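The values are calculated or read from the model by the stated rules, or taken from the named source; none is laboratory data. Computed from a predicted model, the values in this text were never measured in an experiment. Quick reminder, even Gly has a Cβ in these numbers, built from the backbone with ideal geometry, and neighbours come from all protein chains shown.
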């Protein structure tokens, strides 16, 4: 029997979020309307070449957005990120992610840095 053609957008054994999620969900729509490269360009200069590698800028920015839009604590937004695939898609993940994300303190530090830069 001839094998079925596999979607070229599939990144792993599991299907991608694009195939699983409702394209009508507000976070799905918003994730595709935001120009994420603007944040990359604005925040890359705030990162150092030394020390531990930083988390992706899109991840950190999306967590801060979700925190403020949903009125969540740092701890709560990180917990909910693990449980909500729309949060993960919004932050740039292509498939379900489990494991270490960010420490809640990282969000506080980034938020504080943005305030000092006048970017809040």
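Here residue 98 meets the list (1) exposed (fewer than 12 other Cβ atoms within 10 Å of the Cβ); (2) at pLDDT 80 or above almost entirely, failing just condition (2). Scan region 79-92 for residues that are touching a residue at least 24 places away in the same chain (Cβ under 8 Å) and in contact with a helix residue (DSSP H, G or I) (Cβ under 6 Å, 6 or more places away or on another chain) and jot them down. Across region 79-92, the qualifying residues are 86, 87, 89, 90, 91, 92. Is it true that residue 107 is surrounded by 16 or more Cβ atoms within 10 Å (Cβ to Cβ) and modelled with pLDDT under 85? Considered against the rule, which asks whether it is surrounded by 16 or more Cβ atoms within 10 Å (Cβ to Cβ) and modelled with pLDDT under 85, residue 107 comes out as yes. Counted as qualifying within region 4-68 are the helices (runs of 4 or more DSSP H) with 3 or more residues that are within 18 Å of residue 89 (Cα to Cα) and at pLDDT 85 or above, namely 26-33, 36-43.
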